[in-house]
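What follows is a short report on a single structure.
What follows draws every value from the coordinates through simple rules; no lab data is involved. Remember, it's a predicted structure, so these values are computed and weren't measured experimentally. We place every Cβ from the backbone using ideal geometry, glycine too, and count neighbours over all the protein chains shown.
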Amino acid sequence: MTAAIGLAVTTGTIAAATPAQAIPANIHISGTDGQGVRMRPDPNTSRTAVGNIPEGASPDYDCFTYGEMIGNVNVWFLVNWNGTRGYYASFYDDSHYSSEADLTSRYGIPKCGQPSQGGLPAGSTIYTVMNTSEEPPDGVWFRNSPHTNDTDRVTGLGVYQNERVRAICWADGDAVGRYGNRIWYNAENLSRATAGGRTNAGFLNTHYVDDGMSAGHPAPGVPKCGVSSIPSSPEPKAIAGYYSPYGPGDKLLRDRTGVHSVSMGNWNRWDSCPQLSDWPYYALDGQLGRNEFYDRVGGWSYGRLGPAFLIQHMKSYDMNELRLLDYVILIDPGNADDLTPCDARNGSGDLYAFWLKYNTRARLVVLSGKITQQNSSRGIQRNYFNQIRAQATGNNIRNRVLVCNYSADHHQMYDAGQYWIKNKIGSTCPTLNYGGRRWTGRGWNP
């Protein structure tokens with residue numbers, strides 16, 4: 001190797017990170033009834049499993065991609081478990097994410113390159129760097145094109161031994177190494193995203209990439225530069241849902257302000273005090289498009305029953321959906337006389353406590369008007385918060401419940417509060433505005 005190939009010609013080098021091909025992440029297999037999850041050679045269930053990851057285990061993660069829809073989730077992880085490499089469906093783990101960026105930011109797992117129709121190697125285009133220390137100093141510069149002399153020679157702008165890169169595409173270029181390798185990857189350094197104030201990316205000859213291929217052959221999962229690759233599935237989209245206590249005349253139902261809403265007759269069959277059923281779930285679920293999911297739901301007045309019923313269905317049939325539901329807002333749900341017959345009978349408080357414990361990102365917000373505040377908020381205290389406090393030992397679920405008291409009447413709370421069904425409230429109570437009036441909220445935790 002010559003100095004022209006090296007990453008730096010100055011004395012000393014940047015300390016190289018040494019991650020493995022796959023990295024650990026705080027994700028565990030769950031929801032399999034103790035059976036574990038099968039690993040597949042592709043992100044689908046069409047081919048024979050290559051291994052099994054037991055319940056509660058946490059494999060090493062290479063990357064994520066999209067594949068067969070399992071339980072309304074089409075994200076699959078490429079992992080390594082006990083020396084076996086394969087994909088499993090994210091439906092069977094305890095991860096929480098709402099977008100590609102959120103997943104990578106939260107767990108450090110990058111998205112795989114565009115998959116081809118091949119098997120396992122095509123699913124990931126993340127590789128370990130090798131051969132950079134054939135001649136000291138260790139390191140290889142990125143190039144601006146697949147040609148050896150086309151480099152800015154910026155110290156650190158390139159790769160070191162054992163760093164990880166993601167191959168974006170490949171191109172033919174100058175020969176490098178004893179076997180005259182002419183394949184170059186347009187790649188990005190995942191171990192050091194920036195160098196010298198610039199994005200750490202560029203062209204790298206595959207002589208320095210451990211992609212499992214012989215000289216002159218790109219990995220099957222890497223597309224040729226300038227050639228369209230197979231498009232991935234659309235990114236999952238978070239949607240807000242609303243349960244109305246009215247019929248089709250509800251203003252929010254008419255406005256369709258970016259919220260999937262259902263009228264009372266569609267979610268409880270006009271029962272004055274319905275028992276737990278699947279109707280509230282299916283009434284909202286039927287409005288979801290491909291790759292959409294609910295991360296926010298709300299209800300005003302009698303519509304408060306809808307979110308609790310939704311949680312009950314998810315708890316019974318689809319725990320992954322329960323992990324994605326991060327925000328429930330109840331707008332002036334009612335006083336003790338309103339809540340005691342139905343909420344007590346159906347165990348709304350226990351359902352909210354379970355959801356808050358199971359989903360560590362979950363938050364319950366109650367916008368409390370004059371009705372809900374009657375008798376020192378006895379209705380929500382007895383029917384929601386007593387149950388939450390009873391299950392709060394050793395966790396922070398009480399801190400993830402926010403009550404905001406306002407001096408507004410029942411319908412003013414609906415008019416001023418509906419904005420916060422679609423837009424999540426943070427850790428403090430917002431000022432409500434409607435019809436030229438303003439209400440300042442006083443916040444408290446149960």
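The table for this structure:
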read-out: Counted charge near Tyr87, where neighbours are those whose Cβ lies closer than 13 Å (Asp, Glu -1; Lys, Arg +1); value: 0
read-out: Extension reserve of the Ser376-Arg198 stretch, reckoned as 0.36 nm per residue once the Cα distance is removed; value: 58.3 nm
read-out: Two-site FRET efficiency, Ala101 against Asn149, from Cβ-Cβ distance with R₀ of 51 Å, rounded to 0.05; value: 0.90
read-out: Lysine pairs meeting the criterion (Cα under 18 Å, 8 or more apart or interchain), as found in region 237-444; value: 4
read-out: Estimated inter-spin distance, His28 and Asn291, nm [label 7 Å along Cα→Cβ]; value: 3.1
read-out: Extension reserve of the Trp444-Thr360 stretch, reckoned as 0.36 nm per residue once the Cα distance is removed; value: 28.3 nm
read-out: Cβ-Cβ FRET estimate between Lys315 and Lys424, R0 fixed at 22 Å, reported to 0.05; value: 0.50
read-out: Average Cα contact separation per residue, region 26-108, under 8 Å, 6 or more apart, as relative contact order %; value: 30
read-out: Aspartates and glutamates whose Cα lies under 13 Å from that of Lys111, excluding same-chain neighbours fewer than 8 positions away; value: Asp62, Glu100, Asp102, Glu188, Glu235
